[in-house]
Each structure stands twice: as C-alpha cells, then as structure tokens.
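A.B. asks: Once you've had a glance at the structure underneath, I'll fire off some questions.
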Amino acid sequence: MNGPENMLPNETSNGLENAAEEGDGRSVVPGGSGARTVTAVRGRLVWFCDDPFLVGTGAAMRHEKDGLLICVDGRIAYSGPYQDGIGRVPEGVKVVDYRHCVITPGFVDSHVHYTQVGMVASYGEKLINWLDKFVYPEGMKYSDKKYAEEGAELFCKELLRNGTTTALVFTSTYPHSVDVLFDRAAKYGMRIAAGKVLMDRNAPEALLDRSVEEAMEQTRGLIDKWHNKAGTRNVYAVMPRFPLACTRDMLTEAGRLWEEYPSVLMHSHIAENADEVFEGRKLFPECRTYLDVLDDHGLLRAGTVLAHGVHLTLGELDTCHRTGAAIAHCPTSNLFLGSGLFRLRDATTPSRPVTVGLATDVGGGTSLSMLTTMNEAYKVGALDGNPIDAVRLFYLATLGSARAMRMDHQIGSLQRGHEADFVVLDPRATPLLEKRTRTGDGSIEDVLFALALLGDAEAVEATYVAGRRVHQRGRKEEKATWSDFPFAWSRYDWKSGSWIPDQVVATTRGWRLPAIDAFAGGLHCVYNDPTDLLHWTVFTKKDDRPGTWSKPESLGVRSHASVALAPYHDLLYCFYSRDGKICWKSRDDQMAKPWGPEREIPGLSSQQPPAVTAYNDDLHVLAVDGERRMHWNTYHSSTGAWSGWEPWKDGNGDIVKGGWPSIAAYAGRLYVVYSPGADADVRWTARDPGGEWWRHRDLEGTAGTGQPRIAHYNGLLYAIGSWWESGKYQETWWAQQGVDVPEWTTPRSITQIRTGSFSGNGLTAYHGQLYTAYFTG
Ligand code: GUN
Ligand code: ZN
C-alpha cells in the first residue's frame, strides 16, 4: 500500500474505497491511491437545489428523513438515504449518529461586521448618529493589530458556535484588519469573504483612507495576498462602505479595480435608512436614483451584494434584477436601528426576482445566530402581510446567501461535490423546543419552523467545516484538526545494539511523516501540524547531555503531504507539494528570517513531496506525477537553474511507476527506494557513478509499507518503514546494506517504537548516531 496523500472523491467509483479508521471527521487512510479523510454522519437531512420563491417548496427542497452524509477530503461524496449509502462507508469509519437532529448546510451570513463585536447592542440611535457615536470609534480601535486579532478570533468562534460556516464580512480601513480575519478563517478552514473598507469622507480622519490611490494599492495588495489563496478558502470583496462615506473618485476607482479583478465580490450598504437616502441624493444629484450612484460607477452586477435595501424603490429593485446585484436582508439590524421593513415579497417576485440572502449585520444586528435572524425575518414579513415559511427562511440562510455571494456551486448545499460545511440542529435542545417539536406534527416544515423561531446557538449541536467538526455544543473548544498525534523520536544505540524506546514530545502535535536531517549542528525536523500547516523544530545535542527540541515554529505554508529535507551547499532545502505544485524553501543558519520565500519547480504536477539529496555536487530531485510516473530534475546552486524534468526510464525504456520515493547518496552511488503499489514489497535500485541504473529489485518482506526512507550512516545504508496491517501501522522495520554486499538484510521489527500516524518515519544520521522521528499513536 502507499502512504497518505489527499485526493478529492474519485468520480469513477463509489469514491470511497481505501478508506478506514476512526470516524468523527478525523479519519486518515492510506490505500492504493492515497489517504482520505472520511466523515460519515446520520440524521435528518435538509437542503435546497433551487429557489423555493421561484419554483415552490417541492421542487426546491431535498429532505431525507433517515439520511446519511459521507464526506471525503472536505467534500460531500454521498448525501441520501441511510440504507442506500451505508454500504459505501469505508470499513472502520464510525458513522456519527445524529438521528434525533436535523442536518442542513452550514449557515451563510451574507453581511456582517467582525469589527463590531465590541459595540453590538449600543443603545438609542438611528443609523447616522449610531455610526458616529459607536461604530466609527470602535472601528478605529482596529488600528491596533492585537485588538483586531482578538476580535477576529472571537468572531470566527462565535460564527461556528452559531452554525455559520461562511460569511461576507466588513472589516475596517486598515489592511491588517483583513489579514487577521483571513488568517483566522484559514485556521478554522472556513470559507470567508472579506475586504478592506473603502471610505474617504464623513467620518473621523483616523479611520478614513488617506488617499484613493493608497486605498487602491492596499486593496490590490490584499487581493494578491488572499483572494482564492491556495490552502485557504478566502475570497476577496471590494468594499466601499456606502455612498455617504465615499467620494466620486473612490467609487470610480473601486469600479475600475473590480473590473480588473472580476472574480472578487463587491459589497456595500445601500438604502438602509431614509435619512441616508436623503443625504445620498444630495451628495450625488447627478445620479437618477440613489442606487444609480453605485450603478454609475460600475459597481452593480452579479457578485455585488448590497446590505439592507430597505428603501429601494420598485424601479431600483428592477435595476438589481437587471444587473444581477443581490441584496442581503438584515432583519434584526433593520429593526434594532429602526431603519424600516425590507419588502422581501417585492424583491423575490417571480416575474422580476432579485437574488436575496439573509444576514445578521452585527453590530447593527443584534445576534450572530442565523436562526434568530430567521425568526426576525419571519416577523418582518408578517408585518408586511407576508409570513415567510420555514422552508424559505432556511433557503435564504443557506443556498440563498450562497447564491448572493456567487458561491452556490461550492457551499450552501448538501449536494454531492459541494464543500462539506454543515450544521447539526437539535430540535430537543431546550425543554421548550423539545415540548414544541414533540407536540407538533413532526413534518420537516414544522420542525424547521420551531427551530427558526425558538432556536439560537443552543440549538446547534455541532458545526462541521470541510468535513471536520469544528464545534460541538457543550464542549469548551473543538480543535480544528485532521489528525492529532504526539511527536516522538528514537535513536539507535550502539552500546546496546538496539533502539531506545519512544521519546515522546507530547506538546508537539501533528501527523504524517516528519522529515529530519542534520544541518548546521542541529537535527532539523519539518512536519505537518494537525491542520497540515508545516512546522519546524530543531534538536540540539551537545556531548553526552540529553538534548532538547526547540519550540516549533510555522513555515507559513500548508501541504497535504509530508515534506523532504536535504542540506546542500550551506543551505537546508525543504521540498513539499502545495496544490499540486512542487515547491521549496531554503534556510541558512545566519538568516534573520528563518526560511526564505517559497519557490516552485515548474513543469510537473505532484501531490507528493519529491525525494531529494545532494549528489555529485548537484541537488537531485525525484518526483511522482498524477499517474504515479517518476521524473528526475537537478539543480545547481551556482546557476540557480533546474535541468528540467526527465522521465525516469527502466531497462525496458518504460517510465518507472511508484510512489513516495526516498533517495540517498551512498558509496558514490545514488540509491532509491519507493513503494510500487498496493501490498507489494518496497523496490530499490541504485545508479553507478557512470550513470548506469541497476535493475529494480524488491526489498523483500516490506509489503504494506507506505513511505520507506533511506539514509547513510556510519558506513552503511539504512532503510526504515512501517507495515500497515488491519487499519493501523503496527510495526516499524529497518534493514541495512554495506558497500561490498549491495543486498539488504532481512527487515526486522523495531519493537521499541510505535508509529501511529499512518505515515512512517523520518531517518537521518546526527551527532554520530542514527535518528528516527515519527508521530505515535
Ligand atoms: N452603513 C454604513 N456603514 C454601516 C455600518 O457599519 N452598519 C450599518 N448597519 N450600516 C452602515
Ligand atoms: Zn452593515
């Protein structure tokens, strides 16, 4: 079998083979085509595949009374009847039983201010005075990055506690107020859209953009830094606050910039309050309507999300329909600020529908709960003679908001292929809900309505993001992890002729194979933390003292596979695959910044880390493409150039196929081991100094090894790996060979150490001894 690598569900089969091990969103699985993270939950499923305002409930809603949801690597691989799907759950994956609960797509809040969590529920004012008195002073506090970090952390956690997995978020004018939010969203794996607020008039100087040019430059910088950035689910939105706070120049440039980056969103406030409309008409007398202020500056089209829209005329709603601009309905805010009642019926009229999402608008809104927001939306509708049913309320809070944000192909649904963000709602969460839902008719419409009107965060049993549970009610904090094991190491002890027992560093957590190499007097280790963020730590040992590991630090990149390390010409190189690209960073010991910038070796796509080693004064790299074919490339530091990828051919002229290679220079030769496929022995070969490759041979007795590793130590070549058996890597083996007898000894178990991370062991010589590092079960 081969070692872990992350893949999307396989379209050609049931998409789930090769998976095993524990349930609950952390399953990690090796197999013929790589590791999978599998989650399975059972419950009453509800989602939408169309707009009930247009096609009616029957055609729009999907309801599975005894349903099963299977998520593979962050996406929904199956959603349907439990009985039809249970056979597809891989052996060993525990199905989490939520049969008493309703499972819907994670809520999507289409307008909210994270910078207002500190002043929500501030008494007594209407919009314009409220902005001056509470919002702007609080917004200025976000010039302090630490204050912003605290706000962002609290905000993300509160969203998840309320079952909200995606939001379109206003920040402040300071670019770092966007950085810290996107950083937190990435930490929790959430899909978040946000942007720097653009505003250059009618607010305190310290909050305003200093110039339109600088605001655009900062916006461009943030788009380049964050928009659809690999390893995150972040999306950028251009954010002019509202016409009252923006000059014509600012709006013009915002429109131009959006044209330059059409895949980002555009988000603003419009027609929330009657005084605002009045002032806006005075400021822009040349515009035919208040909404035209945005249209005239190129800011209305699909991808525009307008908060409020309470005072839009029927003609302006026509404009929204015509341009594709969506409206975020913010009922708790419109009530709290006395702004007015949004006319949902006018907006959604089937002859001229406008895309509408639901939104909390905290801190104008008074709750981050989308259930509470549905509750108030119902009442606003009731006042307008339009009591909105629960099906439509849940639509607005999920697929409706996702459509408004042009994300309905990714989120807002439990349809197969969608990102696996969902919320588990408990109709028995409180005595009142329990009584009400037990007494009701049991129909899904009735249960949803009771949840909407009586529920809040307390009704959220659990929240899942990309198939991982990130919130569990009553539990203090759910760690956002794929898999979480303590780090351990061991070394071969010459005196006793055996390995020392596991040396566990319980505070260092992660999984996959930790790469180790000796460099500049230390034993360097780069590993994947539980969220696959790469970290490094250095072990130093002097004389006979025991040695210590440094506090791990982040390399600032994510890889969904392990890494490879190699010292070469005074630098330590770290190679990894990121979104199919083969990337590397390097460091020397003098650098103030520990690791240099990321570079890419272009021309080959790979989901695995390449094997690397210095040999014959070049850095040699062996990588595996998507079809498991292997390719060589070499680098010379004096030119900084790569030789280019060359397919690796065997004696018959066929390209060598396999996975997870490890290479090492030894006795003037270049040695390779690799895993050829399911249940076959590890294969090995070597290249003579003359350039001839030896025949590829089996390293007998190693079948079931995921990621073999080799290293040169004290005149011998060593190999190490872990046998995979019945759902676990149970034992670690090692073998040696000498210069004169190029044959491996029979692999033997290392009984002193345990490997529980489904991956294998790093291996290197350091300080005169042979070291291995791994994550242990
Ligand atoms: N209009 C302009 N800025 C804001 C804001 O921060 N909140 C609300 N509710 N409306 C606005
Ligand atoms: Zn707002």
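The values are calculated or read from the model by the stated rules, or taken from the named source; none is laboratory data. Fair warning: this is a prediction, and the values are worked out from it, not measured in the lab. Counting neighbours? That spans all protein chains shown, and the Cβs are built from the backbone with ideal geometry, glycine included. Please note that ligands, DNA and RNA were not included when accessible areas were found on the heavy atoms of the full protein model with its side chains. Shrake-Rupley method; radii C 1.70, N 1.55, O 1.52, S 1.80 Å.
A.B. asks: Can you list the aspartates and glutamates whose alpha carbon is less than 20 Å from that of residue 542, not counting same-chain residues fewer than 8 positions off?
C.D. replies: Output for residue 542: 493, 517, 589.
A.B. asks: Let me ask something else about it. What list of ³J(HN,Hα) couplings, whole Hz, do you get for the stretch 128-134 from phi and the Karplus terms 6.51, -1.76, 1.60, once you set θ to phi - 60° and write x for glycine and proline?
C.D. replies: Using θ = phi - 60°, the values come out as 5, 5, 5, 4, 5, 7, 10 Hz.
A.B. asks: For the stretch 278-352, what is the relative contact order in percent, using Cα pairs closer than 8 Å and at least 6 residues apart in sequence?
C.D. replies: 27 percent
A.B. asks: Where Rh denotes the Kirkwood radius from the mean inverse Cα pair distance, what is Rg over Rh for the chain?
C.D. replies: 1.03
A.B. asks: Here's something else I'd like to know. Hey, what do the phi angles of the stretch 770-775 turn into as Karplus ³J(HN,Hα) couplings, whole Hz, using 6.51/-1.76/1.60 and θ = phi - 60°, x for Gly and Pro?
C.D. replies: Per residue, the Karplus-derived 3J(HN,Hα) values read 9, 10, 10, 10, 6, 9 Hz.
A.B. asks: Find the accessible area per residue for the stretch 629-696; the probe is 1.4 Å, ligands and nucleic acids are left out, and the unit is Å².
C.D. replies: Roughly 43 Å² per residue, with all protein chains present.
A.B. asks: For residue 301 and residue 133, calculate 0.36 nm times their separation in residues minus their Cα-Cα distance, and state this gained length in nm to one decimal.
C.D. replies: 57.2 nm
A.B. asks: If you line up the long axis of helix 370-383 against the longest principal axis of the chain, both from Cα atoms, how many degrees apart are they, to the nearest 10?
C.D. replies: For 370-383 against the chain, the angle is about 20 degrees.
A.B. asks: Just the ratio, please: alpha-carbon radius of gyration of the stretch 96-189 over 2.2 N^0.38 Å, N its number of residues.
C.D. replies: 1.24
A.B. asks: Another question, then. At residue 62 and residue 274, where each label point lies 7 Å from the Cα along Cα→Cβ, what is the point-to-point distance in nanometres?
C.D. replies: Placing both labels 7 Å beyond Cα along the Cβ direction yields 4.6 nm.
A.B. asks: Related question: Which aspartates and glutamates have a Cα less than 12 Å from the Cα of residue 585, not counting those fewer than 8 places away in the same chain?
C.D. replies: Straight-line reach from residue 585, under 12 Å: 598, 600.
A.B. asks: Indicate, rounded to the nearest 5 percent, the antiparallel portion of the DSSP beta bridges found entirely in the chain.
C.D. replies: Restricted to the chain, the bridges split so that about 80 percent are antiparallel.
A.B. asks: Give me the extension gain from residue 740 to residue 540: residue separation times 0.36 nm, minus the current Cα-Cα distance, reported in nm with one decimal.
C.D. replies: Result for the pair: 68.7 nm of gain on full extension.
A.B. asks: While we're looking at this one, here's another question. Amide H neighbours of residue 78 under 5 Å, at least 5 residues apart or on other chains, H built in the peptide plane: list them.
C.D. replies: When sequence neighbours closer than 5 places are left aside, the close amide H contacts are 70.
A.B. asks: Then there is this: With charges set only on the Cβ (+1 for Lys and Arg, -1 for Asp and Glu), what does the dipole of the stretch 485-775 come to about its Cα centre, in debye to the nearest 20?
C.D. replies: Roughly 580 debye, rounded to the nearest 20.
A.B. asks: If the limit is 19 Å between Cα atoms, which of 157/187; 133/196; 126/196; 145/187; 65/157; 145/196 go over it?
C.D. replies: 133/196; 126/196; 65/157
A.B. asks: Enumerate the lysines that residue 649 could reach by cross-link, defined here as Cα to Cα under 25 Å, with residues fewer than 8 away along the same chain left out.
C.D. replies: Result set, ordered by chain and number: 581, 657.
A.B. asks: Once you have the alpha carbon radius of gyration of the stretch 107-411, what is it after dividing by 2.2 N^0.38 Å, with N set to its residue count?
C.D. replies: In units of the globular-protein estimate, the stretch 107-411 measures up at 0.89.
A.B. asks: To continue, here is another question. For the modelled label position 7 Å from the Cα of residue 252 along Cα-to-Cβ, which residues of the stretch 193-211 have backbone nitrogen atoms closer than 17 Å?
C.D. replies: 199-201, 211
A.B. asks: Same structure, new question: Separation between the residue 650 and residue 146 pseudo-spin-labels, each 7 Å from Cα along Cα→Cβ, expressed in nm?
C.D. replies: Here the answer is 6.1 nm between the modelled labels.
A.B. asks: Note down the nm distance, to one decimal, between modelled labels 7 Å out along Cα→Cβ at residue 504 and at residue 220.
C.D. replies: Output for this residue pair reads 5.4 nm.
A.B. asks: Moving on to the next point. Which value in deg cm²/dmol, rounded to the nearest 500, describes the helix-derived mean residue ellipticity at 222 nm for the chain, given -39,500 (n - 2.57) per DSSP H run of n ≥ 4 and division by the residue count?
C.D. replies: -5500 deg cm²/dmol
A.B. asks: While we're here: Over the stretch 142-222, what is the relative contact order in percent, taking alpha-carbon pairs closer than 8 angstrom and at least six residues apart?
C.D. replies: 29 percent
A.B. asks: Tell me, what is the percent relative contact order of the chain, built from C-alpha pairs under 8 Å that lie six or more residues apart?
C.D. replies: Once divided by the residue count of the chain, the mean separation gives 11 percent.
A.B. asks: Whole-Hz ³J(HN,Hα) for each residue in the stretch 491-507, computed from phi via Karplus 6.51 cos²θ - 1.76 cosθ + 1.60 with θ = phi - 60°, x for glycine and proline: what do you get?
C.D. replies: Per residue, the Karplus-derived 3J(HN,Hα) values read 9, 7, 9, 4, 5, 8, x, 9, 7, 6, x, 2, 9, 8, 10, 4, 7 Hz.
A.B. asks: Take the Cβ-Cβ distance between residue 579 and residue 439 as r, set R0 to 56 Å, and report the resulting FRET efficiency rounded to the nearest 0.05.
C.D. replies: 0.65
A.B. asks: Please find the FRET efficiency linking residue 49 to residue 637, where r is the Cβ-Cβ separation and R0 is fixed at 51 Å, and quote it to the nearest 0.05.
C.D. replies: According to the calculation, E is roughly 0.40.
A.B. asks: Within the stretch 332-348, whose backbone N sits under 18 Å from a point 7 Å along Cα→Cβ of residue 125?
C.D. replies: 333-340
A.B. asks: Could you give the length gained by full extension between residue 288 and residue 484, i.e. 0.36 nm per residue of separation minus their alpha carbon distance, to one decimal place?
C.D. replies: Extending this stretch completely gives an extra 64.7 nm.
A.B. asks: Mind ranking 688-696, 126-134, 360-368 by how tightly packed they are, going by the mean number of other C-beta atoms within 10 angstrom, highest first?
C.D. replies: 360-368, 126-134, 688-696
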